[in-house]
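This is the structure I want to talk about, given as structure tokens.
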Number of protein chains: 2
Amino acid sequence: MKLETLIVSDNQDIQNEIISKIKELINFKNLEPGDKLPSERMLSDKFGVTRSNVREAIQKLEFYGLLKSIPQSGTFVANIGVVAMNGMIDDILRLETPDFKSLVETRILLELKTVKMASLRRNEEDLRRIKEALDAYEAKALLGEPAVQEDLLFHLAIAKASRNSTMNTFMLTITPQIIIDFEKYHVCDKNQAVIGIKEHTEIYEAIKAQDPDLAKQKMKDHFSILYQYCYNVK
Amino acid sequence: MKLETLIVSDNQDIQNEIISKIKELINFKNLEPGDKLPSERMLSDKFGVTRSNVREAIQKLEFYGLLKSIPQSGTFVANIGVVAMNGMIDDILRLETPDFKSLVETRILLELKTVKMASLRRNEEDLRRIKEALDAYEAKALLGEPAVQEDLLFHLAIAKASRNSTMNTFMLTITPQIIIDFEKYHVCDKNQAVIGIKEHTEIYEAIKAQDPDLAKQKMKDHFSILYQYCYNVK
DNA sequence: ATCTCTTAACTGGTTAACCAAACAATTATG
DNA sequence: CATAATTGTTTGGTTAACCAGTTAAGAGAT
């Protein structure tokens, strides 16, 4: 486990170094939007790393919209000014792995919004899926078993019903880390699962009644314990 | 361009198909948390695709915390129930590329929160960086040139000052797509850049004064035009 | 029969060779 | 001299061979 973390960390460091060097190169050569970068092979030679490393770094910058690779042609600087380019690369380089507090803060923000949207936009199909998730959670919780996953599936069903694909994606993105942190910090270990049934049911009823403000309030109540806990952890 | 979109789409389809088959396999074989999946080579044989394709699919599921690859050992089902597994895979398969409206909705939600946090948590260094971005934007806007990138850099500087790494990452994630959509739908084409100077300055002053509610209000005002526009587009 | 040690195969990860498309320079042709 | 055809080179992408570590089966000793 330790070893793996170290390796990942090394890879990250190498990639960040390459990204940093690409940035320097762009600045040094005064490359402007549309200009071509040196080929992957030249870059890997120049930086003394493998082409795979260079490719990964380029793909990361491509993900953030800073570069654009065109097959059999080359890698080009995106249509973005040199100032923005430098600023964004700096931000990307300094991206931290999200801490628990920031995850919970973000999750609460998203959930309070998605539950309102879900109340307004949900159709019968959405409602059915949310109910299904609720029932699955209730069944597990009543058995006294840990139901963290069923819990989060209920919330994901709401996110889906919000009909906002971006927030839905974000919820999916943070869910695995939330699960890991919950287990790490032993959140939801106690009998809170049983309390959760009532809270979940109330949220579901509010969505069913298409009452966005009530739904938001019930969601807020649901998170009040977690909220306090999260601020105590840090 | 068309060709490329097609290829990407094909790749996406193949990947989704593989993910779907992996899901079926897990269900059919009743694999439980900790169980080992068949090797990448066997899967690629079985599915009639390349190992690269299988690897990408596995990596995607790994990103969402559903699988865990261990070098020289195998790929394992994460510690997540079969119900949650199925639910999350379905969600992942149905992930849509975010539409403009959902992007703007999400951006506004994030910005109203980060500007409050930035007001409370910013230090002098943060403030300096925000001011820098503001000045760069002002300089560009006064020249009558399009300053979309400088605009977004200002907002990214605020997100950074919020000291919430998750929201900061999310802002970075949506920024390139926002830029593309802004150009596509010709947002900010007119002289709105000049109006933006005043609004940006007011936001900056509120952050400087550490007044979270005022900052939020000014940000809201700043987005009112975009908000309307976004709902007209759809 | 049981336990230990060796060995061979199997694993995900990595590297290097290969591919087809795009581009540039050169040559042939009007 | 200008233009079109062609050929050789360069590109990002793909594929297949390779690697080091793990695993488990099997031989041998007790």
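The values are calculated or read from the model by the stated rules, or taken from the named source; none is laboratory data. Keep in mind it's a predicted model, so treat the numbers as computed, not measured. So basically every Cβ, Gly included, is an ideal-geometry build from the backbone, and we count neighbours across all protein chains shown. Each accessible area value is taken on the protein alone, full model and side chains, heavy atoms only, with ligands, DNA and RNA left out. Shrake-Rupley method; radii C 1.70, N 1.55, O 1.52, S 1.80 Å.
Pick from region B:197-221 the residues that are more than 19 Å from B:E132 (Cβ to Cβ) and among the acidic types (D, E): which of them is most open to solvent (accessible area, probe 1.4 Å)?
Once the filter is applied, the top-ranked residue is B:D213.
Among the listed residues A:I180, A:I207, A:I195, which satisfies the condition of being assigned to a helix (DSSP H, G or I) and under 16 Å from A:M117 (Cα atoms)?
On the way: A:I180 fails: under 16 Å from A:M117 (Cα atoms); A:I195 fails: under 16 Å from A:M117 (Cα atoms).
After ruling out the rest, the residue left standing is A:I207.
Report, by residue number, each residue of region B:93-120 that is crowded, with 17+ Cβ neighbours inside 10 Å, more than 7 Å from every other protein chain (Cβ to nearest Cβ) and β-branched (V, I, T).
Within region B:93-120, B:V104, B:I108, B:T114, B:V115 meet the criteria.
So how many residues does region A:159-174 have that are among the β-branched types (V, I, T) and more than 7 Å from every other protein chain (Cβ to nearest Cβ)? Spell out how you get there, then give the answer.
So in region A:159-174, the residues among the β-branched types (V, I, T) come out as A:166, A:169, A:173-174.
Still in the list and also more than 7 Å from every other protein chain (Cβ to nearest Cβ): A:173.
Residues meeting the conditions: 1.
Residue-by-condition table, conditions (1) open to solvent by 60 Å² or more (accessible area, probe 1.4 Å); (2) within 13 Å of DNA strand D (Cβ to nearest atom); (3) more than 21 Å from B:M171 (Cβ to Cβ); (4) not aromatic (F, W, Y):
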{"residue": "A:I14", "(1), (2), (3), (4)": "yes, no, yes, yes"}
{"residue": "A:L67", "(1), (2), (3), (4)": "no, yes, no, yes"}
{"residue": "A:P71", "(1), (2), (3), (4)": "yes, yes, yes, yes"}
{"residue": "A:I89", "(1), (2), (3), (4)": "no, no, no, yes"}
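Okay, moving on. Can you tell me which residues in region B:32-90 are of a type in the set (D, E), in contact (Cβ under 8 Å) with a residue 24 or more places away in the chain and within 12 Å of DNA strand C (Cβ to nearest atom)?
Correct list: B:E40, B:E56.
Being farther than 13 Å from B:T169 by Cα and within 12 Å of DNA strand D (Cβ to nearest atom) is true for just one of A:F76, A:F100. Which residue is that?
When all the criteria are applied, what remains is A:F76.
On the given criteria, is A:L31 assigned to a helix (DSSP H, G or I) and more than 8 Å from chain B (Cβ to nearest Cβ)?
Details: assigned to a helix (DSSP H, G or I): no; more than 8 Å from chain B (Cβ to nearest Cβ): yes.
Spelling it out, it is not the case that A:L31 is assigned to a helix (DSSP H, G or I) and more than 8 Å from chain B (Cβ to nearest Cβ).
Taking the conditions exactly as written (within 19 Å of A:V83 (Cα to Cα), touching a Ser or Thr at 6+ places or on another chain (Cβ under 8 Å) and either at pLDDT 95 or above or in a helix (DSSP H, G or I) (or both)), does B:I174 satisfy them or not? Before the answer, list the steps.
Numbers: within 19 Å of A:V83 (Cα to Cα): yes; touching a Ser or Thr at 6+ places or on another chain (Cβ under 8 Å): yes; either at pLDDT 95 or above or in a helix (DSSP H, G or I) (or both): yes.
It is true that B:I174 is within 19 Å of A:V83 (Cα to Cα), touching a Ser or Thr at 6+ places or on another chain (Cβ under 8 Å) and either at pLDDT 95 or above or in a helix (DSSP H, G or I) (or both).
For region B:71-98, how many residues are outside any loop (DSSP other than H, G, I, E, B) and more than 13 Å from B:K36 (Cα to Cα)?
Filtering region B:71-98 down to residues outside any loop (DSSP other than H, G, I, E, B) leaves B:74-77, B:82-93.
If we keep only those that are more than 13 Å from B:K36 (Cα to Cα) as well, we get B:82-93.
Of the residues in region B:71-98, 12 are outside any loop (DSSP other than H, G, I, E, B) and more than 13 Å from B:K36 (Cα to Cα).
Which residue out of A:A159, A:A136 is small (G, A, S), open to solvent by 10 Å² or more (accessible area, probe 1.4 Å) and on the phi < 0 side of the Ramachandran plot? Please lay out each step first, then the result.
Details: A:A159 fails: open to solvent by 10 Å² or more (accessible area, probe 1.4 Å).
From the options A:A159, A:A136, the qualifying one is A:A136.
Let me ask something else. Restricting attention to region A:35-58, which residues are assigned to a helix (DSSP H, G or I), surrounded by 13 or more Cβ atoms within 10 Å (Cβ to Cβ) and within 12 Å of DNA strand D (Cβ to nearest atom)?
First, pick out the residues of region A:35-58 that are assigned to a helix (DSSP H, G or I): A:40-47, A:51-58.
Checking the rest, the ones that are also surrounded by 13 or more Cβ atoms within 10 Å (Cβ to Cβ) come to A:40, A:43-45, A:47, A:51, A:53-58.
Within region A:35-58, A:E40, A:L43, A:S44, A:D45, A:R51, A:V54, A:R55, A:E56, A:A57, A:I58 meet the criteria.
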